[in-house]
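Please read the structure below before turning to the comments.
The values are calculated or read from the model by the stated rules, or taken from the named source; none is laboratory data. These numbers were taken from a predicted model, which means no experiment stands behind them. Cβ placement follows ideal geometry from the backbone for every residue including glycine, while neighbour counts extend to all protein chains displayed. Side chains are part of the model used for accessible areas, which takes the heavy atoms of the whole protein and leaves out ligands, DNA and RNA. Shrake-Rupley method; radii C 1.70, N 1.55, O 1.52, S 1.80 Å.
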Amino acid sequence: SSTAIFLLLCLGFCHVSSSSSQQGTYIVHMAKSQMPSTFDLHSNWYDSSLRSVSDSAELLYTYENAIHGFSTRLTQEEADSLMTQPGVISVLPEHRYELHTTRTPLFLGLDEHTADLFPETGTYSDVVVGVLDTGVWPESKSYSDEGFGPIPSTWKGGCEAGTNFTASLCNRKLIGARFFARGYESTMGPIDESKESRSPRDDDGHGTHTSSTAAGSIVEGASLLGYASGTARGMAPRARVAVYKVCWLGGCFSSDILAAIDKAIADNVNVLSMSLGGGMSDYYRDGVAIGAFAAMERGILVSCSAGNAGPSSYSLSNVAPWITTVGAGTLDRDFPALAILGNGKNFTGVSLFKGEALPDKLLPFIYAGNASNATNGNLCMTGTLIPEKVKGKIVMCDRGVNARVQKGEVVKAAGGVGMILANTAANGEELVADAHLLPATTVGEKAGDIIRHYVTTDPNPTASISILGTVVGVKPSPVVAAFSSRGPNSITPNILKPDLIAPGVNILAAWTTAAGPTGLASDSRRVEFNIISGTSMSCPHVSGLAALLKSVHPEWSPAAIRSALMTTAYKTYKDGKPLLDIATGKPSTPFDHGAGHVSPTTATNPGLIYDLTTEDYLGFLCALNYTSSQIRSVSRRNYTCDPSKSYSVADLNYPSFAVNVDGAGAYKYTRTVTSVGGAGTYSVKVTSETTGVKISVEPAVLNFKEANEKKSYTVTFTVDSSKASGSNSFGSIEWSDGKHVVGSPVAISWT
């Protein structure tokens with residue numbers, strides 16, 4: 001099965017071990033700079049290390065560039081013994097290698113066998129994903145229209161010409177491209193066309209990355225500088241793409257954003273993907289929320305990034321209930337790079353550096369704070385390093401304020417030969433990989449503290465950096481990204497956000513050829529694909545998956561599609577343990593992961609859905625006590641709340657539950673589920689972390705006689721204990737008929 005296929009980046013052989021005396025092939029990573037001086041050649045040292053555990057084993061290969069080390073055939077015991085030898089970094093059993101995918105589709109269970117779930121023809125290729133971003137690089141292979149039929153007759157969009165962009169650059173895949181600059185130019189003055197294209201062309205890369213993640217065509221042999229090599233494909237590779245450029249060098253202005261949403265609705269997109277956000281304001285003041293409301297009314301699912309302001313609480317953006325709010329998790333792929341210290345200690349960080357490796361020896365090492373006269377010299381800001389102090393040395397920089405890749409650029413400009421970049425408390429153990437301009441590795445906070453102590457106290461500190469390439473099968477994965485913005489929802493505490501998480505760390509997708517992988521002006525490298533991180537990356541995963549669901553269930557509303565993605569999301573690993581939060585190292589909560597991590601293959605058949613109509617959302621605005629003019633701001637209509645009706649946010653038919661406790665008592669929530677899996681009897685299972693809150697569901701059994709039948713239930717949260725203000729407790733409500741499990745997260749907050 002596809003899950004049994006381990007993917008790495010070479011071609012090799014597969015070996016299945018059934019007993020400990022059997023031999024297997026192992027790849028041995030060695031710390032090249034730790035070779036004892038008694039050896040002339042590394043191969044002699046490798047051979048000697050191998051001899052220490054086995055008389056008969058032979059070197060299959062010695063590696064000099066891809067890794068430092070060798071491969072050999074060993075028994076499990078010999079491999080374990082070799083791991084204890086000096087200079088040995090890792091002894092990895094060889095797996096079956098295939099050049100296959102750039103990971104995300106496979107990690108999500110989407111492989112070549114999903115054609116049964118998502119038919120390739122007909123409705124599938126009629127779905128259009130609209131992306132509001134920095135534009136598109138149309139020459140990328142991710143927009144190839146090979147094998148695509150005619151543009152859907154329902155499409156009303158167009159292709160706008162401008163700087164370096166003609167209408168003929170659109171095709172049967174990239175069916176729309178527009179740009180919106182009036183709002184921007186009215187504030188910032190005319191766009192400088194020598195610096196950016198006044199057209200849909202993407203000079204930044206972000207928009208090409210997000211749109212190809214959502215719906216890029218299949219591209220074989222994709223990689224960034226050899227990293228993450230495989231087949232790139234968007235989540236919905238047969239869907240059509242329409243891009244709306246709303247972001248410029250100086251930002252994305254809401255007047256332009258609203259104009260773009262306006263146009264996208266008229267153009268007839270089916271899904272809108274927006275990896276942008278700004279601050280937190282009431283819905284009637286939030287251009288994205290307002291535009292999204294109109295899109296929702298027209299049956300368009302709107303997917304937005306949750307924001308990169310985590311791990312602080314209350315850091316979410318795009319929290320309107322008619323928007324699908326997406327946080328970020330990791331994949332099972334990593335890009336390890338070792339920080340090797342002169343005291344014999346090694347620390348694993350990450351890097352996407354490609355280029356000439358450091359010389360094969362330990363080099364002088366200095367802390368940036370000791371190589372600068374600036375008070376924040378440790379941050380490696382432009383112009384703060386003293387060249388005489390860093391020339392020929394590896395420099396340790398701390399994260400914060402300026403871009404990670406810029407710190408490397410500053411070290412290089414001052415004559416440094418390498419950089420060890422240390423996370424601080426803000427990022428903890430989260431490792432985000434970058435295509436640095438010099439040999440560099442980013443290490444977690446714990447390793448950073450140890451390295452900093454060494455480099456500032458040792459009389460003669462030395463270090464080296466060893467770049468190890470790509471590894472997959474990393475466990476545990478996913479974990480919630482530290483940068484992923486967190487709940488509670490600061491605008492409407494009784495609506496749980498984010499809705500779910502999707503892959504957003506070290507994601508490979510298409511890139512512009514107008515900028516290098518770091519985006520720095522000094523980066524002259526040009527790549528077809530780039531690896532970047534952010535909830536900007538997780539949002540288009542969900543946009544593309546929504547397009548897939550729309551193709552299977554064209555009649556489903558945006559709320560139904562989101563409900564299916566949420567209620568089938570997973571909250572535990574395969575071993576049953578809860579998902580972890582990289583920021584704390586502890587289990588993540590619904591304020592971090594929402595309903596859980598998206599699971600597209602189960603979402604096609606969720607059993608039950610929580611549907612919502614425009615009328616329901618208008619009732620929600622009444623529950624917020626919005627004035628008639630505020631309701632009009634959001635909904636573009638004159639709507640009067642019924643004075644005889646008592647409106648409650650608790651009754652919005654949302655697939656999750658957030659309870660804001662302001663005193664002991666009973667809090668009642670009503671929900672209505674629609675059977676989309678045909679007849680069936682569903683029983684409820686309730687879990688709660690605390691005895692201080694009793695959760696009861698009435699009725700506890702729902703019996704459906706036919707498809708599309710609706711049944712309602714009430715949840716009562718009885719709170720008897722007064723907890724400290726600011727404390728939270730979590731739980732879940734799950735309905736199951738034995739085939740489907742329809743899960744909803746519960747978050748209870750004392751305010």
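Over all distinct Cα pairs, what is the inverse of the mean 1/r for the range 360-510, reported as the Kirkwood hydrodynamic radius in Å? Numbers along the way, then the final one.
Values: mean 1/r = 0.0588 Å⁻¹.
One decimal place: 17.0 Å for the Kirkwood radius.
What number, in percent, do you get for the relative contact order of the range 286-440 if the mean sequence gap of Cα pairs under 8 Å and at least 6 apart is divided by its residue count? Working shown, then result.
On the way: 263 pairs, mean separation 28.1, N = 155.
Reported as a whole number, the value is 18 percent.
Among 409-418, 230-239, how do they line up by average Cβ neighbours within 10 Å per residue, starting with the highest?
230-239, 409-418
At 1.4 Å probe radius, can you tell me the per residue accessible area of the chain in Å²?
39 Å²
Determine, for each peptide in 145-151, 47-53, the mean count of other beta carbons within 10 angstrom over its residues, then list the peptides with the highest first.
Averaged packing, sorted descending, gives the order 47-53, 145-151.
Helix-only estimate, please: 222 nm mean residue ellipticity of the chain, summing -39500 (n - 2.57) across DSSP H runs of length 4 or more and dividing by its residues, to the nearest 500.
Result for the chain, helices only: -5500 deg cm²/dmol.
Cβ neighbours within 10 Å, averaged per peptide: list 602-610, 705-713 in order, most packed at the top.
Details: 602-610: 22.2, 705-713: 13.1.
Averaged packing, sorted descending, gives the order 602-610, 705-713.
From the gyration tensor of the Cα coordinates in the chain, what semi-axes in whole Å does the equivalent ellipsoid have, largest first, with each one equal to sqrt(5λ)?
Calculated on Cα positions only, the semi-axes equal 45, 30, 27 Å.
With an 8 Å Cα cut-off and a minimum separation of 6 or more residues, compute the relative contact order for the range 380-532 in percent.
Over the range 380-532, the number comes to 17 percent.
Could you give the radius of gyration (one decimal) and Dmax (whole number) of the Cα atoms in the range 282-368, in Å?
Every Cα atom of the range 282-368 included, Rg and Dmax give 22.5, 64 Å.
Along each of the three principal axes of the Cα atoms of the range 301-437, give the extent in whole Å, ordering the values from largest to smallest.
Its Cα atoms span 57, 34, 25 Å along the three principal axes.
How high is the relative contact order of the chain, in percent, counting Cα pairs under 8 Å that sit 6 or more residues apart?
12 percent
If you line up the Cα atoms of the range 153-200 on their principal axes, what length do they span on each, largest first, in Å?
Principal-axis extents of the range 153-200 (Cα, largest first): 38, 20, 11 Å.
How fast does the range 465-541 diffuse by Stokes-Einstein, in µm²/s, taking the Kirkwood radius from C-alpha pairs at 4 °C and 1.567 mPa s?
Numbers: Rh = 15.3 Å.
Roughly 85 µm²/s, to the nearest whole number.
Would you mind telling me the antiparallel percentage of the DSSP bridges in the range 211-317, rounded to 5? Could the numbers behind the result be given before it?
On the way: 5 of 9 bridges.
Rounded to the nearest five, the antiparallel share is 55 percent.
May I ask which residue of Ala603, Ala559, Ile582 lies farthest towards the positive end of the charge dipole of the range 540-618, with charges of +1 (Lys, Arg) and -1 (Asp, Glu) on Cβ and the Cα centre as origin?
Positive-most Cα among the choices belongs to Ile582.
At q = 0.15, 0.23 Å⁻¹, what base-10 log of I(q)/I(0) does the Debye formula yield for the range 420-500 when every alpha carbon is treated as an equal point scatterer in vacuo?
-0.76, -1.22
Hey, what angle do you get for helix 206-215 against the long axis of the chain, alpha-carbon based, 0 to 90 degrees rounded to 10?
So the inclination is approximately 70 degrees.
Send over the Kirkwood Rh of the range 668-711, from the inverse of the averaged 1/r over different Cα pairs, rounded to one decimal Å.
About 12.0 Å for the range 668-711.
Can you give the log10 of the normalised intensity I(q)/I(0) at q = 0.15 Å⁻¹, computed with Debye over equal Cα scatterers of the range 591-711?
-0.95
For the range 351-496, what is the percent of antiparallel DSSP beta bridges, rounded to the nearest 5?
20 percent
Over the chain, what percent of the accessible surface lies on carbon and sulfur atoms, probe 1.4 Å?
Numbers: 14960 of 29190 Å².
Roughly 51 percent, rounded to a whole number.
Counting Lys +1, Arg +1, Asp -1, Glu -1, what net charge surrounds Ser749 among other residues with beta carbon under 12 Å of its beta carbon?
0
If you bin the C-alpha pair distances of the range 519-618 every 10 Å from 0, what whole percents do you get?
The percentages, shortest bin first, are 13, 33, 29, 17, 7, 1.
Lys361: which lysines have alpha carbons under 27 Å from its alpha carbon, excluding same-chain residues fewer than 8 sequence positions away?
Lys32, Lys345, Lys389, Lys391, Lys393, Lys407, Lys412, Lys446
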